[in-house]
Amino acid sequence: MALMNITDTGLTIEFSGRERPWIRRGSLTVPLTAVRRVTVVDNPLRAAHGTRKGLHASGVAKIGTWGLITGPRQLVAAYRGGPGLRVELDRAATGGDFDELVLSLDDARQLAQLIEQRVGSHR
């Protein structure tokens, strides 16, 4: 499962060893100025949709990039059985790779509050 670190300037997501081959990176850092909205989702598997490039184990896990054709382009590391975050981004401010992050995170509610506090201080 991915881990998220929040600083005064950005979000850094560190992907696990089993996620890295599907996501094709070890980590991703997003500036707080690129965060448009954060939503806690009870079932992050349902938040990922569209054409994909990655792993889809039906009802168990989704790891990779979703929304390749019609968008929104989502970077996904989602698993059943726990909460997650859907982070909507300004794609241009992130380097043009993703519109959203969909991540399973055990402490999703606390992270969402912290992100909103930090983003609010940058507006």
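Just to make sure I understand: if all protein chains stay in place, what is the order of SER58, SER104 by accessible area at 1.4 Å, largest first?
Ranking SER58, SER104 by accessible area, largest first, yields SER58, SER104.
Rounded, prolate or oblate: which fits the chain when a ≥ b ≥ c are the square roots of the eigenvalues of the alpha-carbon gyration tensor, with rounded for a/c under 1.5 and prolate only if a/b beats b/c?
It comes out prolate by the Cα gyration axes.
Given a 1.4 Å probe and every protein chain left where it sits, what share in percent of the accessible area of the chain is carbon and sulfur?
Answer for the chain is 47 percent, counting heavy atoms of protein chains only.
Please compute the length gained on full extension between SER58 and ARG46, using 0.36 nm multiplied by the number of residues separating them and subtracting their Cα-Cα distance.
Computed gain between SER58 and ARG46 is 3.2 nm.
Dipole size in debye (nearest 20) for the chain around its Cα centre, Lys and Arg Cβ +1, Asp and Glu Cβ -1?
Here the size comes out at about 380 debye.
Determine ³J(HN,Hα), in whole Hz, for all residues of the stretch 30-39 in sequence, where each value follows from phi through the Karplus function 6.51 cos²θ - 1.76 cosθ + 1.60 and θ = phi - 60°; x replaces Gly and Pro.
Karplus-based 3J(HN,Hα) across the stretch 30-39 equals 10, x, 4, 5, 8, 7, 9, 7, 10, 10 Hz.
So if we plug the beta-carbon distance of GLN117 and THR33 into 1/(1 + (r/R0)^6) with R0 = 22 Å, what FRET efficiency do we get, rounded to 0.05?
0.90
Putting +1 on Lys and Arg Cβ atoms and -1 on Asp and Glu Cβ atoms, find which of THR29, TRP66, MET1 reaches farthest to the positive end of the dipole of the chain.
Farthest along the dipole direction, towards plus: TRP66.
State in Å² the accessible area per residue of the stretch 68-123; use a 1.4 Å probe, count heavy atoms of protein chains only, and round to the nearest integer.
Counting only protein heavy atoms, the per-residue value for the stretch 68-123 is 50 Å².
The values are calculated or read from the model by the stated rules, or taken from the named source; none is laboratory data. This structure is a prediction, so every number in the text was calculated from the model and none was measured. For neighbour counting, all protein chains shown are included, and Cβ atoms are generated from backbone atoms with ideal geometry for every residue, glycine included. The area values use the complete protein model at the heavy-atom level, side chains included, leaving out ligands, DNA and RNA. Shrake-Rupley method; radii C 1.70, N 1.55, O 1.52, S 1.80 Å.
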